[in-house]
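Following: one structure in structure tokens, then a few remarks.
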Amino acid sequence: MVALDLDACLERLYKKQLLAECVLKEICERTKELLMSESNVVHISAPVTVVGDIHGQYYDLIEIFRIGGYCPDTNYLFLGDYVDRGLYSIETISLLTCLKLRYPDRVQLVRGNHESRAVTQTYGFYAECVRKYGSMQVWRYFTDMFDYLTLSVVVDNSIFCVHGGLSPTIHVLDQIKIIDRFKEIPHEGAMADLVWSDPDPDKEEFAISARGAGYTFGSLVVDRFLHLNKMDHILRAHQLCNAGYQVLFDDKLSTVWSAPNYCYRCGNLASILEVSVSGERFFNVFDAAPENDRVIDTSNMPIKDNKIEYFFSSTNSSPLRTAKQSLDIILSNNDSKQIFYFLLLNLSYMFVQLTYGVWTNSLGLISDAIHMFFDCLALGVGLFAAVMSKWPSNSEFSYGYSRIETVAAFFNGVFLVLISLSIVTEAIQRLIDPPHMSTHRLLFISFIGLVVNLVGIFAFNHGHAHGSGGHDHHGHHHGHDHGHNANMQGVFLHIMADTLGSVGVIVSTLLIQWFGWTGFDPIASIFIAVLIIASVIPLIKQSAAVMMLELDDATVAVVEGTLEELKQIEGVYSITHSRFWPCEAESVIGSVHVQVEDGVNIQDLRQRATELLKSHIHGLREVCVQIELQSAVKKNRFAVPQRGFFHTPAYTGPSMNNAYVNHRATATTAVPMLMTTPPPHSSATAFINTPATDANNLAPANNIAANLPSPIMAVLQKQTKKE
């Protein structure tokens, strides 16, 4: 057993210094022993200061202590979501855990939906643990400890405190007390509802949540719960509030949010709720900690160049400061720096070429200058997209802004096709009515253009700069090599078209000088335009596929084969809700539910499944593997149509897994279906299936079944007869 000095640990953590891995292991083990004795409903007395979501924003946690007081002078109740999203999840949860151990009667920790293995693998905590400690062991220590966190707290028998909200299966507190909480958060059921549900001021009863887990609930639900339990107020977190807090249902429910400027981008306020001895509630609203205005330390971030500085401009930033910050980001990376220098070179030569083309009346030079202008525009848009893609994810964009590069690539490709068509139109007119041209010094200017384009070929091909046309990862480094994907090939062909265009101008100039016919110039222009169109077609196709969330057929075949292999793992008897979609050009996001036999090692099986998927599926960046025990899977389950992305009703029964209607497979396919649509972009996208319809409420299920397509209806009728 490691000797543990909690005061020394707290001293280091208040300085934002990491603890040794062996120390964290001991801390988590002792915390589990402490939490094991706590009930699912912990009763405490006021005064107490209640804190909402923190999400790894360490400096803001310290700001909370500055405002509300340090332990043990102040009693604290934390409502969950301590990790993910922010840059310092390890420091945050380490400090809170040590405070819980040091002052167990002064600090209460409630479990949130992000205190989960599946969610932390997707939203940053897992990656941070691997990055800062070199392995996943620290992540395992904390996620194992998360299983022991309590689910709710009651203050003075009058205020019910929970992370998310209420559940249709829970009416009184005794029903919470009998929940088996010492496990991973399931995707449905009372435990999931407590950490995932949200209030809805437009509702009165329970309704399906757009999050895909938990429910929304209204005023009548709140009134009924408070009446049955003889309490006055419900206090919860879980939802971003721009004002830092929200009060609903005639002051019967409050939401407290404690992560100011969420993800360092949202610009929201935050608050802590102080409950006095007399039961009065006071929201103490605050803004982001001053330390967040400084350059964020990236020494532990997965960037090869540790000198890179992440700037998250505030609303008070001047345009000049924003431009300087963006320029610093661009110049901090070798690839983006090469693109930026080539952009300046392209701009300089473009003005020379355009001026001389107008002077000599050469359509070849003018069209090449116009094309070069769009090259410069594409490079500029791509660099802007690269800067924007570095912005952190938030509640609206769960996977960050990296796809902005794909959008830029698509629109730049479309623009290049349009300008090429205009060049072809002008060239045809010049073929019909050839103008007079001056070829004086035309060869010299064209030769300089050829040299410039050769520099571009060298930069993009050998420097692996992710280049023009707003191409994906334009100067943006993810900490891994994407290789020469289809988009990169499109960019290279784009620069190659410029190069061959310069060659075409040189050849047309020589032919005009030799034969005196100016028609060679528009012919060369048509040749250039055709090359431009041919070069950007792969770029447009690839970026369009990513934006439409379509996997190519080869990837689909690999995924289907991998899922079949996953089904052969010992202990696995079924796979459902398999969804994989492209996040960027060569990165894939996935989610799959694996039903396993009772008694298997869940953590070992999840790790094996994750490793199998990542080793077989090229570019699989993130995958959420949700393990479900056989005893917990209901025999009959109609999935209610979900608002947002999922509209196709689905049925899962003992003899029919994944009855999804999809453009890549039919309802009778034995292999789990691949839905190329991601979960809704919110902080609750880890669990993407809708809650099952209650067996005691068959009316909604019948209405759904009445609207099912005939092939699915036939299968349902057959299944009903069998049962």
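Quick notes on this structure:
- Of the set (1) more than 30 Å from V600 (Cα to Cα); (2) modelled with pLDDT under 95, all apply to M231 but (2).
- The lone criterion from (1) in contact with a Cys (Cβ under 7 Å, 6 or more places away or on another chain); (2) open to solvent by 60 Å² or more (accessible area, probe 1.4 Å) left unmet by Y14 is number (1).
This table checks each residue for (1) modelled with pLDDT of 75 or more; (2) among the hydroxyl-bearing types (S, T, Y); (3) open to solvent by 10 Å² or more (accessible area, probe 1.4 Å).
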| position | (1), (2), (3) |
| --- | --- |
| G364 | no, no, no |
| F373 | yes, no, yes |
| L377 | no, no, yes |
| P392 | no, no, yes |
| F397 | no, no, yes |
| V414 | yes, no, yes |
| L431 | yes, no, yes |
| P434 | no, no, yes |
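- Scope region 18-28; condition open to solvent by 30 Å² or more (accessible area, probe 1.4 Å) and touching a residue at least 40 places away in the same chain (Cβ under 8 Å); matching residues: L18, E21, K25
- Looking only at residues in region 194-208 that are touching a residue at least 60 places away in the same chain (Cβ under 8 Å) and under 17 Å from R236 (Cβ atoms), the one that is farthest from the chain's Cα centre (by Cα) is V195.
- S299 vs. criteria at pLDDT 85 or above and open to solvent by less than 70 Å² (accessible area, probe 1.4 Å): no
- Looking only at region 60-99, residues that are buried (at least 24 other Cβ atoms within 10 Å of the Cβ) and basic (K, R) come to 1 in all.
- Subset of region 117-135 that is over 14 Å from R85 (Cβ atoms) and open to solvent by less than 40 Å² (accessible area, probe 1.4 Å) - its residue that is nearest to the chain's Cα centre (by Cα): A118
- Subset of region 277-296 that is open to solvent by 40 Å² or more (accessible area, probe 1.4 Å) and in a loop (DSSP other than H, G, I, E, B) - its residue that is modelled with the lowest pLDDT: V295
- Pairs, first assigned to a helix (DSSP H, G or I) in region 605-616, second open to solvent by 80 Å² or more (accessible area, probe 1.4 Å), C-beta under 8 Å, six or more apart: L612/E565; H616/E565
- Checking every residue in region 101-117 against the condition of being in contact (Cβ under 8 Å) with a residue 60 or more places away in the chain and closer than 19 Å to L19 by Cα gives at least one match.
- Residue match in region 127-149 (condition: in contact (Cβ under 8 Å) with a residue 24 or more places away in the chain and within 30 Å of F249 (Cα to Cα)): yes
To keep it simple, each residue is scored yes or no on (1) touching a Gly at 6+ places or on another chain (Cβ under 8 Å); (2) at pLDDT below 95; (3) assigned by the TED database to the domain that holds W257; (4) open to solvent by 30 Å² or more (accessible area, probe 1.4 Å).
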{"residue": "L166", "(1), (2), (3), (4)": "no, no, yes, no"}
{"residue": "I178", "(1), (2), (3), (4)": "no, yes, yes, yes"}
{"residue": "D200", "(1), (2), (3), (4)": "yes, yes, yes, no"}
{"residue": "G212", "(1), (2), (3), (4)": "no, yes, yes, no"}
{"residue": "Y215", "(1), (2), (3), (4)": "yes, yes, yes, yes"}
{"residue": "L226", "(1), (2), (3), (4)": "no, no, yes, no"}
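- Flag if G52 is at pLDDT below 95 and open to solvent by less than 40 Å² (accessible area, probe 1.4 Å): no
- Those residues of region 29-42 which are under 16 Å from M145 (Cβ atoms), hydroxyl-bearing (S, T, Y) and either surrounded by fewer than 17 Cβ atoms within 10 Å (Cβ to Cβ) or in contact with a strand residue (DSSP E or B) (Cβ under 7 Å, 6 or more places away or on another chain) (or both), in sequence order: S37
- Among the residues of region 242-272, those that are open to solvent by 50 Å² or more (accessible area, probe 1.4 Å), in a loop (DSSP other than H, G, I, E, B) and without any contact (Cβ under 8 Å) to a residue 40 or more places away in the chain comprise N242, D250, D251, K252, L269.
- Across region 539-575, the qualifying residues are those that are over 22 Å from R621 (Cβ atoms) and of a type outside the set (D, E, K, R), and the one among them that is surrounded by the fewest Cβ atoms within 10 Å (Cβ to Cβ) is Q568.
The values are calculated or read from the model by the stated rules, or taken from the named source; none is laboratory data. All of these numbers come straight from a predicted model, not from anything done at the bench. All Cβ positions, even for glycine, are placed from backbone atoms using ideal geometry, and neighbour counts span all protein chains on display. In case anyone asks, the SASA skips ligands and DNA or RNA and just uses the protein heavy atoms, side chains included. Shrake-Rupley method; radii C 1.70, N 1.55, O 1.52, S 1.80 Å.
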